[in-house]
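*Asks:* One structure, pasted below without further comment.
The values are calculated or read from the model by the stated rules, or taken from the named source; none is laboratory data. All figures in this text were calculated on a predicted structure; none of them were measured in a lab. Glycine gets a Cβ as well: all are built from the backbone with ideal geometry, and neighbour counts include every protein chain shown.
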Amino acid sequence: MKKYLVIGKPIDHSLSPKLHNYWIKKNNLNAIYEKRLAEEKDLEGLCNDVREGKIDGFNVTVPFKEKIKKYLDECTETANATNAVNTVYRKHEDGRYSVMGDNTDVFGFQQSCPLRNYSKRGASALIIGAGGASKAIIFALSNLNVRCFAITNRTREKAVNLMGQIIKPKDYKDHFIYEWCKDEEQMNKPDIVVNCTSLGLQEIDRIPLDFSKYKKRFFTKKIIFYDLIYNPEETNFLLNAKKIGQQAINGKMMFLYQAQKSFAIWHGIKNEINQEVINLLND
Ligand code: ATR
């Protein structure tokens, strides 16, 4: 029986086992997917287990997406560009096995982001947060032709650092760093605002960014408000967006699409994302 895992700390909340085991069963595969609470010292051993075939692959979640990289033999371009790995698998080439890392969060975001259907080139984005998730989202948005980025982060230094890492295509426009939730008045109108912070995981969390004050100036056009968080389903960030009549999207579809791609990497099967699968996460 093939064995797959999701590792992280904490890990209890993870819905990956539910989803992957559902697809394993649906495809009649002889496999199991479990969650495991891990420590940093376990990472090397887990990668060795994949190389030796004791484990067939695993997903990586917070806080190990970056830390796992040094134990891998090779990473995909996306994993290198984002400096984050969420899917580990084994590759057989030239008579030897190597342990590979990929980042399917980027695909998950791109597939679920309405900007992918925009014909407009050179869209703009406001990124809230400057951690590991922000880097992957900026990379994904660049693939979706976003050419102007603004970042606001509690720790300004991290925003500056992240900004310095954005690869600038020929047609890039000016980028901006805004003081943490102070500079709304100066902000340019973005096409999309993405919450990449963990603010919202607790029901009482509030991002101290008040767009409604500038409703007239800001919302002469539709803006997408996207929160990577999907549990709770509606963060205050999304509730506020809805209150001012804007499109609000949570991280559920991103989660489903990243899992779809991880599953395809391991099993060579592309599962359909349908209502049944979406409902599975609601139960
Ligand atoms: P991830 O890999 O999920 O992005 P991370 O690298 O730890 O995790 O980044 C978490 C992000 O959430 C950061 O932007 C962090 O802001 P700081 O850089 O100032 O730490 C942000 N964040 C977490 N808790 C926050 C809080 N209470 N208020 C404001 N921002 C917060």
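Residue-wise test of (1) at pLDDT below 80; (2) at negative phi; (3) within 16 Å of the ligand (Cβ to nearest atom); (4) assigned to a helix (DSSP H, G or I).
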| residue | (1), (2), (3), (4) |
| --- | --- |
| Asn188 | yes, yes, no, no |
| Ser198 | no, yes, yes, no |
| Ile207 | no, yes, yes, no |
| Arg217 | yes, yes, no, yes |
| Lys221 | yes, yes, no, no |
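*Asks:* Pull out all pairs, ordered by first then second residue, where Cβ-Cβ is under 6 Å, the residues are six or more apart or on different chains, the first lies in the range 121-143 and is over 15 Å from Asp191 (Cβ atoms) and without any contact (Cβ under 8 Å) to a residue 40 or more places away in the chain, and the second is more than 15 Å from the ligand (Cβ to nearest atom) and of a type in the set (A, V, I, L, M).
*Replies:* If the second residue must be more than 15 Å from the ligand (Cβ to nearest atom) and of a type in the set (A, V, I, L, M), no pairs are left.
*Asks:* Scanning for something assigned to a helix (DSSP H, G or I) and either without any contact (Cβ under 8 Å) to a residue 60 or more places away in the chain or not charged (D, E, K, R) (or both), does the range 54-68 turn up at least one residue?
*Replies:* Yes, because at least one residue in the range 54-68 is assigned to a helix (DSSP H, G or I) and either without any contact (Cβ under 8 Å) to a residue 60 or more places away in the chain or not charged (D, E, K, R) (or both).
*Asks:* Right, something else. So Ala79 ticks every box in (1) touching a helix residue (DSSP H, G or I) at 6+ places or on another chain (Cβ under 7 Å); (2) closer than 16 Å to Gly132 by Cβ; (3) buried (at least 20 other Cβ atoms within 10 Å of the Cβ) but one. Which box is left unticked?
*Replies:* Here Ala79 meets the rest and fails (1).
*Asks:* Another question, then. Has the range 110-123 got any residue that is assigned to a loop (DSSP other than H, G, I, E, B), of a type in the set (D, E, K, R) and closer than 20 Å to Ile249 by Cβ?
*Replies:* Within the range 110-123, one or more residues are assigned to a loop (DSSP other than H, G, I, E, B), of a type in the set (D, E, K, R) and closer than 20 Å to Ile249 by Cβ.
*Asks:* Next question, about the same structure. What are the residues in the range 138-158 that are more than 8 Å from the ligand (Cβ to nearest atom), touching a Gly at 6+ places or on another chain (Cβ under 9 Å) and not charged (D, E, K, R), if any?
*Replies:* Ala140, Asn145, Val146, Cys148, Ile151, Thr152
*Asks:* Hey, does the range 91-99 have a residue that's of a type outside the set (Val, Ile, Thr), at negative phi and surrounded by 17 or more Cβ atoms within 10 Å (Cβ to Cβ)?
*Replies:* So far as the range 91-99 goes, no, none of its residues is of a type outside the set (Val, Ile, Thr), at negative phi and surrounded by 17 or more Cβ atoms within 10 Å (Cβ to Cβ).
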